[in-house]
Amino acid sequence: FKTRPGRVLCKLPCSGEKEVDLAVQSAKAAFKIWSQMSGMERCRVMLEAARIIREQRDEIATMETINNGKSIFEARVDIDISWQCLEYYAGLAGSLAGEHIQLPGGSFGYTRREPLGVCVGIGAWNYPFQIACWKSGPALACGNAMVFKPSPFTPISVVRLAEIFTEAGVPKGLFNVVQGGAATGQFLCHHPDVAKISFTGSVPTGMKIMEMAAKGIKPVTLELGGKSPLIIFSDADLENAVKGALMANFLTQGEVCCNGTRVFVERKILDTFTKEVVKRTQKIKIGDPLLEDTRMGALINRPHLNRVQGFIKQAKEQGAEVLCGGDLYVPDDPKLKNGYYMRPCVLGNCKDDMTCVKEEIFGPVMAILPFDTEEEVVERANATKFGLAGGVFTRDIQKAHRVVAALKAGMCFINNYNVSPVELPFGGYKSSGFGRENGRAAIEYYSQLKTVCVEMGDVESVF
């Protein structure tokens with residue numbers, strides 16, 4: 001692999017209705033084998049897949065950087081989270097169980113936790129490999145098969161994951177990859193042999209997937225967009241809060257659904273905080289994502305870069321002040337001149353009704369808003385259609401717990417941000433979707449519960 005900014009890396013044919021059907025039928029056949037294996041047998045195979053990923057970490061991370069444009073530093077973290085995810089669900093695979101319930105007269109009931117069948121995963125382009133592991137980990141642990149469609153902008157690394165699962169010993173076809181855009185996704189959602197759909201992406205696409213799934217009564221998990229609040233109280237450790245704000249806005253070039261892009265700062269520290277954030281933002285190293293010291297790579301493509309810049313232009317027209325960044329960045333290396341780079345942007349003088357504060361930009365743009373009271377900031381933080389995440393920085397732990405309890409968001413952070421261990425459930429409220437990735441909670445969304453009632457005496461009949 002070599003960095004090729006602005007040029008085609010490879011071409012893949014889109015999977016049509018025929019190819020989608022072949023993938024689903026292949027997964028269906030593999031499901032019959034996999035679902036009959038014991039949890040411990042599945043555990044061993046998944047542990048082997050995790051081992052291979054861990055062993056090939058640097059190679060896969062390089063592939064992901066070229067696939068997506070994020071820094072190699074971040075890509076390695078993504079790959080670490082990926083193998084940890086498979087290890088975690090391998091550990092749960094052998095412990096999945098129902099319960100026994102004693103009934104009168106020696107009768108009893110029990111429950112069985114059973115797999116759904118062929119599950120569909122549809123991924124986003126910001127964390128291609130990691131999202132595929134987040135979805136396939138619990139799906140395979142529960143005994144399901146999966147057909148996965150990556151974003152057409154990042155088609156490469158998920159194919160490597162499919163190869164790794166095969167190398168680890170899953171039945172042939174258990175994890176299949178199909179390539180394509182909206183049409184391919186529609187074929188998957190409408191396929192009669194698909195039992196469940198898990199989607200990560202935009203709200204409008206999530207709505208369409210939910211509508212298509214409804215026609216087949218298929219359960220869905222939707223992990224959609226966000227415009228999350230990050231609340232900085234005046235008693236916070238300033239150094240920590242500044243680092244948290246950078247983590248909440250500039251990871252993966254700002255292309256993160258749970259980013260805390262509405263940064264509410266208590267007025268008495270507004271100037272100090274803003275000055276320090278701007279200073280740190282201007283020092284972020286932009287450029288070739290394969291270099292070890294790069295901390296911000298290229299945005300995903302030209303149309304998206306133009307879209308992000310359009311938000312900044314509109315923000316200025318509506319009265320926001322660009323405190324730093326927001327302009328295109330051209331690296332010194334002539335080989336990178338066609339890359340989709342921009343300087344990370346901090347916006348001041350923001351108001352709650354501005355478009356840059358209300359809409360998800362999905363780029364490296366931070367909006368800073370002052371507040372005066374706890375009650376006020378909670379109300380403003382919740383005044384959004386989204387509800388994916390939220391963060392609080394304060395030394396007052398009672399206040400921290402009080403505020404996160406009041407936030408209408410599925411993932412909250414106290415004195416940190418964008419920390420997503422695989423042990424903890426991840427997902428949103430309101431228009432940010434429903435269902436959960438990660439943690440034990442994901443097991444509920446990749447399995448179904450069967451109740452069995454056993455009568456040990458004569459049937460009591462009313463007839």
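The values are calculated or read from the model by the stated rules, or taken from the named source; none is laboratory data. Just so we're clear, the structure is a prediction, and the values are computed from it rather than from any experiment. Please note: Cβ atoms are built from the backbone with ideal geometry, for glycine as well, and neighbour counts cover all protein chains shown. These accessible areas exclude ligands, DNA and RNA; they are computed on the full protein's heavy atoms, side chains included. Shrake-Rupley method; radii C 1.70, N 1.55, O 1.52, S 1.80 Å.
Among the residues of the stretch 1-59, those identified as modelled with pLDDT under 95 and among the aliphatic types (A, V, I, L, M) are Val8, Leu9, Leu12. Restricting the first member to the stretch 121-136 and to residues that are in the same structural domain as Trp83 (by the TED database) and at pLDDT 95 or above, and the second to residues that are in a helix (DSSP H, G or I) and charged (D, E, K, R), the beta-carbon pairs closer than 8 Å and six or more apart or on different chains are Gly121/Lys135; Gly123/Lys135; Tyr127/Asp78; Pro128/Glu64; Phe129/Glu64; Phe129/Asp78; Phe129/Arg160; Gln130/Asp78. If the condition is being crowded, with 24+ Cβ neighbours inside 10 Å and farther than 22 Å from Ala409 by Cβ, then the stretch 229-258 contributes only Gln253.
Residue-level analysis places Gly226 among those that are in a loop (DSSP other than H, G, I, E, B) and crowded, with 23+ Cβ neighbours inside 10 Å.
Would you say Thr261 is more than 15 Å from the chain's Cα centre (by Cα), open to solvent by 10 Å² or more (accessible area, probe 1.4 Å), under 22 Å from Tyr429 (Cβ atoms) and in contact (Cβ under 8 Å) with a residue 24 or more places away in the chain?
Working: more than 15 Å from the chain's Cα centre (by Cα): yes; open to solvent by 10 Å² or more (accessible area, probe 1.4 Å): yes; under 22 Å from Tyr429 (Cβ atoms): yes; in contact (Cβ under 8 Å) with a residue 24 or more places away in the chain: yes.
Yes, satisfied.
Looking only at the stretch 415-438, residues that are part of a strand (DSSP E or B) and either closer than 10 Å to Gly390 by Cβ or open to solvent by less than 30 Å² (accessible area, probe 1.4 Å) (or both) come to 3 in all.
Go through the stretch 354-382 and give me each residue that's assigned to a helix (DSSP H, G or I) and open to solvent by 10 Å² or more (accessible area, probe 1.4 Å).
Going residue by residue through the stretch 354-382, those that are assigned to a helix (DSSP H, G or I) are 355-358, 374-381.
Residues satisfying the conditions are Thr355, Lys358, Glu374, Glu375, Glu376, Val378, Glu379, Arg380.
Residue-by-condition table, conditions (1) over 19 Å from Lys70 (Cβ atoms); (2) touching a Gly at 6+ places or on another chain (Cβ under 7 Å); (3) of a type outside the set (A, V, I, L, M):
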residue	(1), (2), (3)
Gly143	yes, no, yes
Phe148	yes, yes, yes
Ser151	no, yes, yes
Gly169	yes, no, yes
Gly173	yes, no, yes
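Across the stretch 383-402, what is the total count of residues that are surrounded by fewer than 24 Cβ atoms within 10 Å (Cβ to Cβ), among the β-branched types (Val, Ile, Thr) and farther than 23 Å from Val203 by Cα? Total meeting the criteria: 2. Determine whether Ala90 is touching a residue at least 60 places away in the same chain (Cβ under 8 Å) and either open to solvent by less than 10 Å² (accessible area, probe 1.4 Å) or assigned to a strand (DSSP E or B) (or both). The answer is no for Ala90.
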